[in-house]
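Down below is the structure, laid out as structure tokens.
Just so it is clear, none of the values below were taken in a lab; they were calculated from the coordinates. Keep in mind that this is a model prediction, so the values were computed, not measured. Quick reminder, even Gly has a Cβ in these numbers, built from the backbone with ideal geometry, and neighbours come from all protein chains shown.
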Amino acid sequence: MTKRIGLPLLLIALVGFSFQGCLKDSCQEVITFYNQVPVYKSLEEIRQDITVEAARDLEKPGKLYFYNNYVFINELRQGIHVIDNADPKNPVQVAFIGIPGNVDMAVQGNILYADNYIDLLAIDISNPASPLLSGRSENVFQPLWYDEVSKKYCVYYDIVETIQTADCQSVSRNGTEVFVDNVFVGSQTFDATSESTGGAGVGGSMARFTLSNGHLYTVDDANLRVFSLAQPLQPSLVNTIGMGWGIETIFPYQNYLFMGSTTGMYIYDNTTPAQPGYVSQLAHANSCDPVFVSGNYAYVTLRDGTFCQGFDNQLDLVNISNIYSPYVERTFPMENPHGLSIDENTLFLCEGEHGLKVFDVSDPLKLDKNRLDYIKNIDAYDVISVPGQDDVLLLIGKDGFYQYDSSKPEKLELLSKIPVKS
């Protein structure tokens, strides 16, 4: 009797074990992640003539810049949209400047300075609807590397979505990083990337170009570069300062330059414009990091979901009353903070896909208790509170270019929108 019962039980157990083994062996996971793929260009491809085209749709908007009632919007690595903004309720797209590899820009005295992969261009915009290339400074930006075989320069990394099927047991994650068999394959998320005087325009807090004291300052991943504008149409590289790695943004304030990096904030004194000198730095955990400065405070946003590999989403209030010893006085949790701007006592903070937040910062230490407005139905990347205009706020995001009447910061009023091509 025992034998007759035991055999079926044993068979059931073996079948069950075998079935579980099959399930385990056949378990597969479809994973989606993003890789950085190097892009190579020859000198001939890099130094194509710029083109002046009819206005075209926004597709992948990047940096934002304001100058003399015109708005300039970067189309990622393709060029710059020129918008007549004399009437913010009715902005008019007047031209598109085709510039291969363009990401950043700055304007002074009707000259638009723009990167063209490894070169710096000076473009006359006396007539913004008909820009004219007037100068080129060659080989002033360092390529990632030069390939001797193909005779081409690696100029940037493209972001490529990859879909892969892998055995469940081989897939692991650390935050947004994805590993297969303990080898890093990519990230599950990624990011698309100031006040001035003396005839200069205004850039956003995400800017890598800025102007001060007759000089153009640019930052890349590792260096601060200084260009003399003594000859405006032929900028001259006069200094290159190594800063380590992970440098992302630059913001001028009074006689100082504030640089945001993936590991902290750097402060340089540019009293001698051609030779900025190191003053101090503030370290933080790995995170993407734009900076805006007002009064005795630097407002620093940290966010995750990028190739910076950080996991913080917060606004740090950095006390700079002693410029040689900055320190974080308060930290405020945020959703996914990006660019920011301040108009007197009002802080405008982009929260990526979470929208735009507005705070009263008359008492910076209590800004979390004084939120004035929150617009949730937009994707906000960077923002500029325009000086000299009647409370006009410019905002750029993945879904378009917005303008708001900010005269009542507790209730922003949409003035206009130029949407991204769907």
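Listed by chain and number, the lysines whose C-alpha is less than 22 Å from the C-alpha of LYS152, apart from same-chain residues fewer than 8 away, are LYS41. Please give every one of the lysines within straight-line cross-link reach of LYS417, meaning a C-alpha to C-alpha distance under 27 Å, and leave out same-chain neighbours fewer than 8 residues apart. The reachable lysines, counting only those whose Cα sits under 27 Å from LYS417, are LYS60, LYS63, LYS89, LYS357, LYS376, LYS398, LYS408. Sorting the segments 98-105, 403-410, 322-329 by their residues' average number of neighbouring beta-carbon atoms within 10 angstrom, most packed first, yields 98-105, 403-410, 322-329.
Sort THR271, THR249 so that the residue with the fewest other Cβ atoms within 10 Å of its own Cβ comes first and the one with the most comes last. Mind showing how you got there, number by number?
Numbers: THR271 11, THR249 25.
Sorted ascending by nearby Cβ count, the order is THR271, THR249.
Could you order the peptides 353-362, 274-283 from most to least packed, using the average number of other C-beta atoms within 10 Å per residue?
Working: 353-362: 19.7, 274-283: 15.0.
Highest mean packing first, the order is 353-362, 274-283.
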